[in-house]
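Any read-out appearing in this document is the output of simple, stated calculations on the displayed coordinates, not a laboratory observation. All values derive from a computational prediction rather than experimental measurement. No Cβ is skipped: glycine too gets one built from the backbone with ideal geometry, and neighbour counts run over all protein chains shown.
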Amino acid sequence: DIDLQGAMTANSGAGDVTISATGNRSVYLGGAQNPLGLSLSGAELQYITAKNFTLESGKGGTGSRGITVDGISATDSGNIGTVILNAVTDPYVSGSNPRIAFTANPSTFKALEVRADAGVVFNTNVTTTVGNFLVESDQNHTGESFDDTVVKGGITLTAAGRLTIEQGLHFGSSS
């Protein structure tokens with residue numbers, strides 16, 4: 001768990017900030033907190049100022065984990081130009097299939113890049129307010145059993161700039 005509070009900030013100004021989970025730990029951004037993974041609440045995200053903020057799930061060990069995003073508000077992500085979510089595997093480890101899931105509550109970012117090796121699932125609305133919205137659900141191009149982008153029925157993906165989905169797109173199922 002990351003604990004940013006009070007006067008503690010991560011401020012790179014016009015530079016970049018990257019936070020990576022260790023081992024094969026999952027990442028939880030927003031309301032989806034888990035003591036076994038790397039958790040960063042929306043309130044803690046407000047303490048990060050960067051042109052680009054990259055959040056990566058763990059790459060070590062088999063079964064590398066993914067990223068769960070739940071309820072990031074425009075205020076939470078307001079000090080970051082582009083949020084980049086990477087759930088990618090270690091190329092030397094087999095059996096790793098990290099996925100990114102946007103769960104329960106809507107999320108808003110200025111600009112967003114979502115990159116996973118084993119699919120991206122949208123179970124809630126996601127919006128960019130300034131820039132582009134990129135989804136790459138099969139970054140490693142190795143053909144796992146689930147490599148597509150799934151948008152649950154009734155969910156809206158909104159981009160102020162360009163919305164790009166670079167893999168198969170399915171509507172309705174949240175699997």
Calculated from backbone phi, Karplus (6.51, -1.76, 1.60) coupling profile of the stretch 14-28 in Hz, x at Gly/Pro: 8, x, 10, 10, 10, 10, 10, 6, 8, x, 10, 7, 7, 10, 10
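Expressed in nm to one decimal, what extension gain is obtained for the pair A14 and N34 from 0.36 nm per residue of sequence separation less their Cα-Cα distance? Walk me through the numbers before you get to the answer.
Working: separation 20, 0.36 × 20 = 7.20 nm, distance 3.06 nm.
Between A14 and N34, full extension yields an extra 4.1 nm.
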From phi via Karplus (6.51, -1.76, 1.60), per-residue ³J(HN,Hα) for the stretch 50-56 in Hz, x at Gly/Pro: 6, 5, 10, 10, 9, 10, 10
Rounded FRET efficiency, nearest 0.05, which uses the C-beta distance separating F171 from T22 and R0 of 30 Å: 0.25
Point-to-point label distance, A104-A43, nm (Cα→Cβ direction, 7 Å offset): 1.6
